[in-house]
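Comments concern the structure below.
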Amino acid sequence: MSELRKTWLDQDDWASLKTYTDARIALGKTGVSMPMRESLAFKLAHAHAKDAVYSALYKDSLRQALTDLGLPVVDVHSQAQNRDQYLQRPDYGRRLSADSVTHLKQLAAPATDLSIILADGLSAEAINQNAVPVIDLLSRTTVKAGFTLAPVVMVEQGRVAIADEIGSLLNARMTIMFIGERPGLSSADSMGAYLTYAPQVGLTDERRNCISNIRPQGLSTVLAVDKIMYLVQEAFRLQLSGVQLKDKDDTNRQIS
Amino acid sequence: MAYHCTIRGFTYVFHSLKQLLAKASPLRSGDMLAGLGAETYEERIAAQIALADVRLTDFLNEAVIPYEADEVTRLIIDTHDKAGFSRISHFTVGELRDWLLSDEADTTVIASIRQGLTPEMVAAVSKLMRNQDLILVAKKCEVVTRFRNTLGLKGHLSVRLQPNHPVDDMRGIAASMLDGLMYGSGDATIGINPATDSPAITGRLLHMIDELRERFEIPTQSCVLSHITTTIELINQGIPVDLVFQSIAGTEKANASFGVSLATLREGYEAGLSLNRGTVGQNLMYFETGQGSALSANAHHGVDQQTCEVRAYAVARQYNPLLVNSVVGFIGPEYLFDGKQITRAGLEDHFCGKLMGLPMGMDICYTNHAQADQDDMDNLLTLLGVAGINFIMGVPGADDIMLNYQSTSFHDALYVRRVLGLRPAPEFEQWLIRQSIMDEHGKRLFSGTQKRLYAGLFEA
């Protein structure tokens, strides 16, 4: 019997297009199927994403970095006790623990324009890696534009809607929450920003504006802060946020 | 009205139809989160035994969400086809299940009663069916729709090419589009999820796809999946809009959380029709749904997530959609915990949508916080291929780098077409052959096409 020849993979000759996107294009194939190398690369990326879901906020270094920027930091915790409970009970992640409510009430915060909030969400790694430079630029830009800031709040086991409770307890006119997004295969560190005008418990998503994928390989710090500032200015002008508030500030987009 | 079932001397009492439906639903995390699911395995089967004996006419007398409180209920009641229903009005839910599986129930007869079925009846019967029942009956249903090509014919499987990019970079999106076209994807639509809801960027993306489509005479339709109010704005500006997209749900309040109402959907549908851009038909709405969206918006009224999902199909069918897909595993583990629950929900959604008369596709997918992986997607893809699904998603390498989840790849589409002998939409298949991208057996050819497409996309 003669020896079978090894499979010569079908290469895709548009591989040069990979310079334009991180998408898994021009993978080639054997038969109609994915080559071995690509199949294993996918599984490794999935393993990284699973690990990111179980990562935790570096609370000490985040607090230090924000304090160094002159921003006071308050720690709070949602009603979800741990990650497994967090994954199965989003309702717990949307509300503050009793201790945290007491803590925020005790601050008796004076009325402010903006409350900046950090939450681990589904990837604490995203906050650990991306939050500080964005908050640095955002806090300077907002203060320069005349907005007043509440203390920065750092939430463990938090979901987006917990910002409503925090914002209303802190007496803030608008919340800007930075939260770790669902890790993707090629981006376990993607941070989202959710903006809500007139926060109060019970709001739903149509009242929010979202800017997604803030990270060095996605939306840069400068562009992210530009977009947030546009939405903040418009929200204060129109006194609302959400689907009525369109993101028209696309002048800095990369256009081919 | 109360429903009963006695097992080993213990009588289970279900106080309403909606409670009975919830307790009869196969196990899933979302119903447990809502506090609606059966508390024991026995209670679940007791509910199924009781549900099997409920008469279909009872569904017309007991709305799961009050008529006065919800415009979706009003739509369901007000559009109910009494003539179609009269042929099955003497059935119980269990008898409907047996009839659907019988040889009497062929494609034509099923189609003749579909407008007589309310979503709650369809949800109920699905809860009594095993996975193979869901597959067998779905396969009997054929729902064909047309815009610039013909989708949903038996023996064909189409693909939505999903070339998303995290910052809507035109070249990045074009690169993924070219990749997908060269792998034979894109007949359902070339549909981009924009990273933000900017009308200007959405308009620019639509122009890009439209120019490519016209230049290469690709028999397909484009879509940028922006909010319907954005799409209406673009239509008014004269932007080339083929399909009008919107996410929808099964209650008025959940739709409000998406920023839409039935009136908004009607407005979008009529705006789309006014452009008259379809060449072989005018099905132009594209809807996405998914179990758990009503609960997620705290808008489920104590109705289980699968019944809410089927109510969304009652909304969809008012607007003669080209494409409807459930984004089954996107919502996360708090609604569908693992591969088993995602698989079950995917088969239910496909079956229920087809029985309601919808051109069902599926985003066979999961997120990284669910207990699922690509093996689970392979299983569901194969099952849905057997069940005769109209279309699936084609994402480069199954990895959506903008929405951060995993779906099915261009390779996956070729796999399922090959193992099940399925072909692209006929007009699109002819185009692939004309362009020497693929032969009539689905074998990919090497030709100069990619260079011409490349030039069209990148050097214009």
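Given the criteria surrounded by fewer than 13 Cβ atoms within 10 Å (Cβ to Cβ), under 20 Å from A:Q217 (Cα atoms) and over 20 Å from the mean Cα position of the chain (by Cα), does A:T67 qualify?
Judged against the criteria, A:T67 is not a match.
Residues are listed down the side, and each one gets a yes or a no for (1) farther than 23 Å from B:E120 by Cβ; (2) touching a residue at least 60 places away in the same chain (Cβ under 8 Å); (3) of a type in the set (S, T, Y):
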{"residue": "B:A297", "(1), (2), (3)": "no, no, no"}
{"residue": "B:V303", "(1), (2), (3)": "no, yes, no"}
{"residue": "B:E309", "(1), (2), (3)": "no, yes, no"}
{"residue": "B:L323", "(1), (2), (3)": "yes, yes, no"}
{"residue": "B:L347", "(1), (2), (3)": "no, yes, no"}
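Any residue in the range A:27-40 that is exposed (fewer than 15 other Cβ atoms within 10 Å of the Cβ), closer than 30 Å to B:S185 by Cβ, at the interface with chain B (Cβ under 9 Å from one of its Cβ atoms) and of a type in the set (D, E)?
Within the range A:27-40 (the criterion being exposed (fewer than 15 other Cβ atoms within 10 Å of the Cβ), closer than 30 Å to B:S185 by Cβ, at the interface with chain B (Cβ under 9 Å from one of its Cβ atoms) and of a type in the set (D, E)), the answer is no, since none of the residues qualifies.
Assess whether B:G30 counts as being assigned to a helix (DSSP H, G or I) and within 14 Å of another protein chain (Cβ to nearest Cβ).
Criteria met by B:G30.
Those residues that are buried (at least 24 other Cβ atoms within 10 Å of the Cβ), over 26 Å from B:H156 (Cβ atoms) and not small (G, A, S), I need them from the range B:367-392; list them, please.
B:N368 - this is the single residue of the range B:367-392 that is buried (at least 24 other Cβ atoms within 10 Å of the Cβ), over 26 Å from B:H156 (Cβ atoms) and not small (G, A, S).
Quick check on A:R182: is it under 17 Å from the mean Cα position of the chain (by Cα), crowded, with 21+ Cβ neighbours inside 10 Å and facing chain B (nearest Cβ under 8 Å)?
Against the criterion (under 17 Å from the mean Cα position of the chain (by Cα), crowded, with 21+ Cβ neighbours inside 10 Å and facing chain B (nearest Cβ under 8 Å)), A:R182 qualifies.
Residue by residue, here is whether (1) buried (at least 24 other Cβ atoms within 10 Å of the Cβ); (2) modelled with pLDDT under 95; (3) of a type in the set (A, V, I, L, M) holds:
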site: B:T202; (1), (2), (3): yes, yes, no
site: B:R215; (1), (2), (3): no, yes, no
site: B:T220; (1), (2), (3): yes, no, no
site: B:V224; (1), (2), (3): yes, no, yes
site: B:A249; (1), (2), (3): yes, no, yes
site: B:A254; (1), (2), (3): yes, no, yes
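Report those helices (runs of 4 or more DSSP H) wholly inside the range A:80-153 carrying at least 2 residues which are over 25 Å from A:L223 (Cβ atoms).
So the answer is A:83-88, A:90-93, A:98-107.
Within the range B:322-331, work out how many residues are out of contact with any helix residue (DSSP H, G or I) (no Cβ under 8 Å at 6 or more places or on another chain) and either farther than 24 Å from B:A425 by Cα or surrounded by fewer than 23 Cβ atoms within 10 Å (Cβ to Cβ) (or both).
Number of matching residues: 2.
Taking the range A:2-19, which residues are within 7 Å of another protein chain (Cβ to nearest Cβ) and either more than 17 Å from B:L161 (Cβ to Cβ) or at pLDDT 95 or above (or both)?
Hit for the range A:2-19 is A:D13, nothing else.
Considering A:P183, A:P216, A:P151, A:P199, which residue is within 21 Å of A:L57 (Cα to Cα) and at pLDDT 95 or above?
Details: A:P183 fails: at pLDDT 95 or above; A:P216 fails: at pLDDT 95 or above; A:P199 fails: within 21 Å of A:L57 (Cα to Cα).
Just one listed residue meets the conditions, A:P151.
When you go through (1) over 28 Å from B:S25 (Cα atoms); (2) of a type in the set (V, I, T); (3) touching a residue at least 40 places away in the same chain (Cβ under 8 Å) one by one for B:T289, which number turns out not to apply?
Among (1) over 28 Å from B:S25 (Cα atoms); (2) of a type in the set (V, I, T); (3) touching a residue at least 40 places away in the same chain (Cβ under 8 Å), the lone unmet condition for B:T289 is (1).
Table: residues versus (1) out of contact with any Phe, Trp or Tyr (no Cβ under 6 Å at 6 or more places or on another chain); (2) more than 18 Å from A:Y230 (Cα to Cα); (3) surrounded by fewer than 22 Cβ atoms within 10 Å (Cβ to Cβ); (4) not acidic (D, E).
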{"site": "A:H103", "(1), (2), (3), (4)": "yes, yes, yes, yes"}
{"site": "A:A145", "(1), (2), (3), (4)": "yes, no, yes, yes"}
{"site": "A:P151", "(1), (2), (3), (4)": "yes, yes, yes, yes"}
{"site": "A:V155", "(1), (2), (3), (4)": "yes, yes, no, yes"}
{"site": "A:A161", "(1), (2), (3), (4)": "yes, yes, no, yes"}
{"site": "A:I166", "(1), (2), (3), (4)": "yes, yes, no, yes"}
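Has the range A:23-32 got at least one residue that is part of a helix (DSSP H, G or I), out of contact with any Phe, Trp or Tyr (no Cβ under 9 Å at 6 or more places or on another chain) and aliphatic (A, V, I, L, M)?
Scanning the range A:23-32 turns up no residue that is part of a helix (DSSP H, G or I), out of contact with any Phe, Trp or Tyr (no Cβ under 9 Å at 6 or more places or on another chain) and aliphatic (A, V, I, L, M).
Go over the candidates B:T73, B:T92, B:T118 one by one and state the one that is more than 20 Å from B:A314 (Cα to Cα) and not small (G, A, S).
Values: B:T73 fails: more than 20 Å from B:A314 (Cα to Cα); B:T118 fails: more than 20 Å from B:A314 (Cα to Cα).
Every option except B:T92 fails the conditions.
Please enumerate the residues belonging to the range A:48-60 that are surrounded by fewer than 17 Cβ atoms within 10 Å (Cβ to Cβ), away from chain B (no Cβ under 14 Å) and either modelled with pLDDT under 95 or within 18 Å of the chain's Cα centre (by Cα) (or both).
The answer is A:A56, A:Y58, A:K59.
The values are calculated or read from the model by the stated rules, or taken from the named source; none is laboratory data. From a predicted model like this one, the values you see are computed outputs, not experimental measurements. For neighbour counting, all protein chains shown are included, and Cβ atoms are generated from backbone atoms with ideal geometry for every residue, glycine included.
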